[in-house]
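To keep things clear, I will list the structure first and then write my remarks on it.
The values are calculated or read from the model by the stated rules, or taken from the named source; none is laboratory data. Please read all numbers here as calculations on a predicted model, not as lab measurements. Don't worry about glycine lacking a Cβ; one is built from the backbone with ideal geometry, like all the others, and counts go over all protein chains shown.
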Amino acid sequence: MSVRREATKPGWYPAWRDEAIEQLNVKNAGLQRDFHLGTWARYDYDLTAGKLLFSEKGVVKVVAKIQIAGSTSTKASNWLWAWSNSNLPGDILSDAKLVRSFGEENGIDELAQAYVADAGNDLEALGWELTAAMVRICNAPGAYRSPRGDGGGLYLILKTIDWAN
């Protein structure tokens, strides 16, 4: 006899994730207020160094240390957790691996499986929801989304952020 296994999650998880999204919105609003995120003329990230730089007129103004949460793909219509992406440097995946462990320990498939399908037909919302869960689990000060060429996004969590010297 075979038993069909559907995606699992504990009963408390949907409310917990909704709270994580609310918390991230508050944190990101604070980053926008305090560091003007979203207003800088340019940003660059260095995945090898684990840094996100915001600049204006060629001068770096804000520096953040980052970890990668994951990425969305419009072509595949899904989310890929950073810990499962072999193209990313291992040094900036430790927080994503914590999320995977949290998902495995608590029976939350969308945190423990490499890919999450975009069932709600809102890929950006899915990316922010899963990133918010990572921000909450890792107690990060916020997150940032970098657009990608295929229409998806690369979701980064900020570990630290400060004005450049």
Looking for whichever is farther than 14 Å from residue 145 by Cα and of a type in the set (A, V, I, L, M, F, W, C) here; the options are 53, 88. Which one fits?
-> 88
Candidate set from region 98-108 (those that are surrounded by 15 or more Cβ atoms within 10 Å (Cβ to Cβ) and not in a loop (DSSP other than H, G, I, E, B)); member that is farthest from the chain's Cα centre (by Cα) = 106
When you scan region 118-129, how many residues do you find that are loosely packed, with under 14 Cβ neighbours inside 10 Å and under 20 Å from residue 10 (Cα atoms)?
-> 2
Which ones in region 80-97 are small (Gly, Ala, Ser) and surrounded by fewer than 17 Cβ atoms within 10 Å (Cβ to Cβ)?
-> 84, 86, 90, 94
Test: residue in region 111-128 that is charged (D, E, K, R) and at pLDDT 95 or above = no
Restricting region 130-156 to residues that are touching a strand residue (DSSP E or B) at 6+ places or on another chain (Cβ under 9 Å) and on the phi > 0 side of the Ramachandran plot, which is surrounded by the fewest Cβ atoms within 10 Å (Cβ to Cβ)?
-> 151
Residue selected from region 16-41 under the condition modelled with pLDDT of 95 or more and within 22 Å of residue 165 (Cα to Cα), by the criterion surrounded by the fewest Cβ atoms within 10 Å (Cβ to Cβ) | 33
